[in-house]
Amino acid sequence: MDSLKERFYRIYPDLKGNKAVESFMTQPEHQELLKEFLTSPSPSAEDCLNEAFKAHYFGIRFTSYVSSSLYFHSVNFDKKIRLHRGRQLLTLDQPLGGDEDGSFKDMIPDSGEHLTLPEQSLEDAISDDALLAAFIGLTDRQREILDLAYVKEMNDTEIASALGVSQQAVSKSHRNALTKLREQLQKGA
């Protein structure tokens, strides 16, 4: 094969060192086409060799395109996910105050104890004075929605049906109540 390569490079010296040509010549079926072209040069042998090289070069370019496309799409996907996670922090993941204070989820006890809520109201179950004051500061409707959501474990649709209002109104009131509680706790921190 080395003598075939040498003969080829004597005819086409400007292709020596070309990585695409080198990789083309490593495949046995291409070596046969090259051998046929060099031993009995004819327009048909040259056309076969050219067509095989075009197909080989297209494969290299296509692989390179797909590889770089996958890379850039994965980078952009990662950016979107990070941006989304930064925008959509869970209530428990939000910081309490300063950088060193931690988050709401850090305040959850790690022991195997389960919080048992009384059947009547969240007000009876809240032991933190600041949280209790913030809870009492909510409207009657907001306290009722929080009681149904967390004591009775009802979803927004069930609460809406029980109160005779729309699910969207319950969802908005629930969200506003949690926001107000969070704001009051952050003011006190």
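The values are calculated or read from the model by the stated rules, or taken from the named source; none is laboratory data. Source: prediction; values computed, not measured. All Cβ positions, glycine included, derive from the backbone under ideal geometry; neighbour counts span all protein chains shown. We work out accessible area using only protein heavy atoms, side chains counted, and drop any ligands, DNA or RNA first. Shrake-Rupley method; radii C 1.70, N 1.55, O 1.52, S 1.80 Å.
Taking a threshold of 22 Å on the Cα-Cα distance, which of the pairs Lys5/Lys54; Lys80/Lys187; Lys79/Lys187; Lys19/Lys54 fall above it?
Going by Cα-Cα distance, Lys80/Lys187; Lys79/Lys187 fall outside the 22 Å limit.
With a 1.4 Å probe and every protein chain left in place, work out the accessible area per residue of segment 1-47 in Å², rounded to a whole number.
In whole numbers, segment 1-47 has 68 Å² accessible per residue.
How high is the FRET efficiency between Asn155 and Leu70 when r is their beta carbon distance and R₀ equals 30 Å, given to the nearest 0.05?
The value I calculate is 0.15.
Tell me, what HN-Hα J-couplings in whole Hz come from the Karplus equation 6.51 cos²θ - 1.76 cosθ + 1.60 at θ = phi - 60° for each residue of segment 154-170, using x for Gly and Pro?
After applying 6.51 cos²θ - 1.76 cosθ + 1.60, I find 8, 8, 4, 5, 5, 5, 4, 5, 5, 8, x, 10, 6, 5, 5, 5, 5 Hz.
Can you check how the C-alpha radius of gyration of segment 120-189 compares to 2.2 N^0.38 Å, as a plain ratio?
Its radius of gyration relative to the 2.2 N^0.38 Å reference: 1.09.
Ordering Tyr57, Tyr12 by how much accessible area each has at a 1.4 Å probe, largest first, what is the list?
Tyr57, Tyr12
Among the trypsin sites (Lys or Arg not before Pro) within segment 136-189, which fall in a DSSP loop and have no more than 14 other Cβ atoms within 10 Å of their own Cβ?
Taking segment 136-189 and a limit of 14 other Cβ atoms within 10 Å, the loop trypsin sites (Lys or Arg not before Pro) found are Lys152.
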